[in-house]
Amino acid sequence: MTPSTAAHYLFLTTSTREPGHTGNTEWLARQAAAALPAGTPQTWHSLAQMQLPPFVDRRHTTGTYAPPEGDLKTLLDTTLAATHIVFVSPVYWYSLPAPLKTYLDHWSAWLRVPGLAFKEQMGAKTLSLITTSGDRAKAQPMIDSVALCAQFLAMRWGGALWGKGGAPGAVQADTPALEAASSFLLPPR
């Protein structure tokens, strides 16, 4: 890759766990990130620790949105700077945690910021998901939802890495998930 197209990974942690407590999903994501080549740029944001205003749907009224400010601007900038976006998301009620849903809702605004060309820029990126839950089948609705988001923006779907979650530290005993994490984010050979 040339310097202008060098891989840059954006990891968005979405758990609402108390600060200072690393959950199974983030632990698994950190294992996958550690397998990236040394020096690969990584940006990590905890969505639950950011000030994300509720999304206001103006698609059928004003139709456009002003450029975002504050933490939303930080997220937009890091989203556009990344070549790979990785949602680090435990399964909450068969779905996405609220901070991730709020972030995704703001994509609807970013699609309508004049001059931003958000959809075109997103089409050059890869979207992946790292998740944990007690049962793989119960994670499938969330996995499908994220894959459809990638499809809508013509992003490359990098797939989902699932690990057995539940009690703190449970994923550390999931040998297949740990083996998969060691190559999950690496480009195909």
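The values are calculated or read from the model by the stated rules, or taken from the named source; none is laboratory data. Model, not experiment: these values are computed from the prediction. With ideal geometry, Cβ positions are generated from the backbone for all residues, glycine too; neighbour counts draw on all protein chains shown. Accessible surface areas use protein heavy atoms only, side chains included; no ligands, DNA or RNA. Shrake-Rupley method; radii C 1.70, N 1.55, O 1.52, S 1.80 Å.
Leaving out same-chain residues fewer than 8 places away, which lysines sit with a Cα under 16 Å from that of LYS138?
LYS164
Given a 1.4 Å probe and every protein chain left where it sits, what share in percent of the accessible area of the chain is carbon and sulfur?
Heavy-atom surface of the chain belonging to carbon and sulfur, 1.4 Å probe: 56 percent.
Anyone know which of TRP157, TRP110, TRP93 comes out most mobile in the 10 Å Cα GNM of the chain?
Of the options given, TRP93 has the highest mean-square fluctuation.
Can you return the aspartates and glutamates within cross-link range of LYS125? Criterion is Cα-Cα under 16 Å, with same-chain partners fewer than 8 residues away left out.
Partners within reach: ASP77.
Taking the Cα centre of the chain as the origin, how large is its charge dipole in debye, to the nearest 20, when only Lys and Arg (+1) and Asp and Glu (-1) carry charge on their Cβ atoms?
So the dipole magnitude of the chain works out to roughly 280 debye.
What is the helix-to-structure angle for 98-110, meaning the angle in degrees between its Cα long axis and the longest Cα principal axis of the chain, kept from 0 to 90 and rounded to the nearest 10?
For helix 98-110, the angle is close to 30 degrees.
Tell me what the chain gives for mean residue ellipticity at 222 nm when only DSSP H runs of n ≥ 4 count, each as -39,500 (n - 2.57), the sum divided by the residue total, rounded to 500 deg cm²/dmol.
On the way: 6 runs with 65 residues, N = 189.
Result for the chain, helices only: -10500 deg cm²/dmol.
Run the dipole for segment 1-105 about the Cα centre, Lys and Arg Cβ at +1, Asp and Glu Cβ at -1, nothing else charged, and hand back the magnitude in debye, nearest 20.
Rounded to the nearest 20 debye, it is 140 debye.
Explain nothing, just the number: dipole magnitude of segment 62-151 about its Cα centre with +1 on each Lys and Arg Cβ and -1 on each Asp and Glu Cβ, in debye rounded to the nearest 20.
Computed about the Cα centre, the dipole is about 140 debye.
Could you tell me what fraction of 2.2 N^0.38 Å the Cα radius of gyration of segment 45-189 comes to, as a two-decimal ratio? Could you put the intermediate results ahead of the total?
Numbers: Rg = 16.2 Å, N = 145, 2.2 N^0.38 = 14.6 Å.
Relative to the rule-of-thumb radius for its length, segment 45-189 sits at 1.11.
Treating cross-link reach as a plain straight distance, find the aspartates and glutamates whose alpha-carbon is under 15 Å from the alpha-carbon of LYS101, omitting any fewer than eight places away in the same chain.
ASP57, ASP144
Using the heavy atoms of the protein chains alone and a 1.4 angstrom probe, what is the accessible area of segment 69-189 per residue in square angstrom?
Here the per-residue accessible area is 47 Å².
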